[in-house]
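The values are calculated or read from the model by the stated rules, or taken from the named source; none is laboratory data. Quick caveat: nothing in here was measured; it's all calculated off a predicted structure. Every residue, glycine among them, receives a Cβ derived from its backbone with ideal geometry; neighbour counts consider all protein chains shown.
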């Protein structure tokens with residue numbers, strides 16, 4: 001098959017819209033100490049997560065209770081400590097959340113003897129330990145939840161809401177699914193694993209578990225020898241599973257012959273962080289032609305590859321890496337964490353499937369982007385208060401592709417008015433506060449815009465002309 005490769009230089013719009021990204025709450029209110037919110041999970045219209053208020057500033061009794069269970073309804077007042085799952089300052093570390101039959105479950109260390117399963121209705125009183133095993137990477141299939149128990153040789157278990165049972169345990173040799181890398185396809189579990197018998201001769205490869213027969217089978221030895229295929233990043237598009245193997249993009253329909261490398265993506269190596277949106281595969285990869293780790297898109301319908309991002313930078317400083325990850329879909333965009341040129345800090349980006357935009361260049365170390373009620377929540381760092389919980393409201397954004405920017409305003413800073421070039425006469429303007437609120441708007445009817453009625457501080461001026469928007473930072477003294 002002739003390789004099809006579409007290269008597009010994605011125009012990255014470096015606009016400063018920092019007014020739209022706000023700190024939801026400084027959970028660990030102690031200078032630059034971080035609460036490090038993680039494992040964000042939406043349940044019953046709230047986000048549950050792990051955080052550490054080591055200062056005790058927002059914890060009942062003002063004590064350091066370690067990494068414990070927190071909840072937010074999307075407001076500062078509604079971001080609160082939920083429950084101390086492990087008494088004292090030791091951490092329970094709630095993680096691997098999942099919802100099953102209307103109940104939230106997660107794994108946490110209650111006593112210091114290892115993680116067990118918890119169930120919760122979202123309240124403190126309704127959050128209790130049900131014991132059992134360490135739950136790792138849960139996956140629901142046909143009315144059951146499957147997960148790995150790392151304390152039992154990475155064995156595969158099933159959970160029906162009451163009991164936890166090891167599958168294929170009646171004298172059968174189980175598959176050790178490394179890193180709990182598995183997914184489901186056609187009623188079966190497909191994953192990266194090995195058996196004690198096969199490992200010395202074929203290594204770690206692609207296996208399946210069939211719940212109907214309660215048995216394992218090898219799908220394909222991808223390396224063809226005793227080496228490991230290095231499989232990860234399972235996702236499903238239609239009737240096929242896509243995954244990374246030996247650094248490249250592969251796909252499988254669950255059969256040996258139908259497990260093949262995607263030829264159109266063969267020039268892209270080091271692939272990682274797979275995500276499916278609008279029936280297309282988005283992933284991190286390097287075409288070995290100076291692109292380094294950029295955002296790529298594979299469209300199975302057209303069998304084509306598109307370079308969505310094209311971050312340029314100095315190779316002397318190790319630049320060019322974009323390292324996309326932590327995807328979340330909201331509206332017509334795919335939001336994700338990415339790096340700018342010559343900067344390894346992760347910022348928030350979004351793509352429409354063709355081009356990529358940097359939405360904010362101030363809040364860094366973005367992690368675990370989660371959607372709740374039309375807004376994005378994530379861990380971030382403003383460089384002052386440490387890693388805390390942040391929110392982005394896309395409804396207040398008005399980002400378009402960057403065009404030739406002839407807008408100049410002066411004086412800036414100012415206390416009375418700003419001058420604006422005449423070519424913007426009869427066009428609309430809005431001035432936003434750093435909370436994203438419109439504090440002044442109107443039509444530009446002269447070369448001056450009065451701003452003496454605004455309080456001292458920083459603002460964002462947006463002027464719309466020819467259906468395009470220009471943004472300028474404005475400082476009022």
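Select from segment 259-278 the residues that are in a loop (DSSP other than H, G, I, E, B) and either closer than 18 Å to residue 336 by Cβ or in contact with a strand residue (DSSP E or B) (Cβ under 6 Å, 6 or more places away or on another chain) (or both) and list them in ascending order.
Result: 259, 262, 268, 278.
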Next on the checklist: Cβ contacts < 8 Å: first residue assigned by TED's automatic domain parsing to the domain that holds residue 115 and free of Cβ contacts under 8 Å to residues at least 24 places away in the same chain, restricted to segment 53-74; second residue surrounded by fewer than 24 Cβ atoms within 10 Å (Cβ to Cβ) and assigned to a helix (DSSP H, G or I), any location; separation 6+ or different chain. Result?
Outcome noted: 56/62
Item to check | So residue 49, is it more than 25 Å from residue 159 (Cα to Cα) and either buried (at least 21 other Cβ atoms within 10 Å of the Cβ) or touching a strand residue (DSSP E or B) at 6+ places or on another chain (Cβ under 7 Å) (or both) | outcome: no
Next on the checklist: Test of understanding: among 326, 303, 342, which residue is in the same structural domain as residue 40 (by TED's automatic domain parsing), at pLDDT 95 or above and either farther than 17 Å from residue 275 by Cβ or in contact with a helix residue (DSSP H, G or I) (Cβ under 7 Å, 6 or more places away or on another chain) (or both)?
Outcome noted: 303
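Just to be sure I understand, how many residues within segment 447-477 are out of contact with any strand residue (DSSP E or B) (no Cβ under 9 Å at 6 or more places or on another chain), in a loop (DSSP other than H, G, I, E, B) and either within 12 Å of residue 424 (Cβ to Cβ) or modelled with pLDDT of 90 or more (or both)?
1
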Checklist entry - Which of the residues spanning segment 124-141 are over 19 Å from residue 66 (Cα atoms) and either outside any loop (DSSP other than H, G, I, E, B) or at pLDDT 95 or above (or both)? => result 125, 126, 130, 131, 136, 137, 138, 139, 140, 141
Next on the checklist: As an exercise: evaluate residue 336 against (1) modelled with pLDDT of 95 or more; (2) not in a strand (DSSP E or B) and give the number of the one condition it does not meet.
Outcome noted: (2)
Checklist outcome for this item: Of the residues in segment 410-449, those that are without any contact (Cβ under 8 Å) to a residue 12 or more places away in the chain and over 28 Å from residue 394 (Cα atoms) come to 410, 411
Checklist outcome for this item: Conditions (1) over 30 Å from residue 363 (Cβ atoms); (2) modelled with pLDDT of 95 or more; (3) loosely packed, with under 15 Cβ neighbours inside 10 Å -> residue 259 fails only (3)
Checklist entry - If we scan segment 78-89, do we find a residue that is in contact (Cβ under 8 Å) with a residue 40 or more places away in the chain and under 30 Å from residue 181 (Cβ atoms)? => result yes
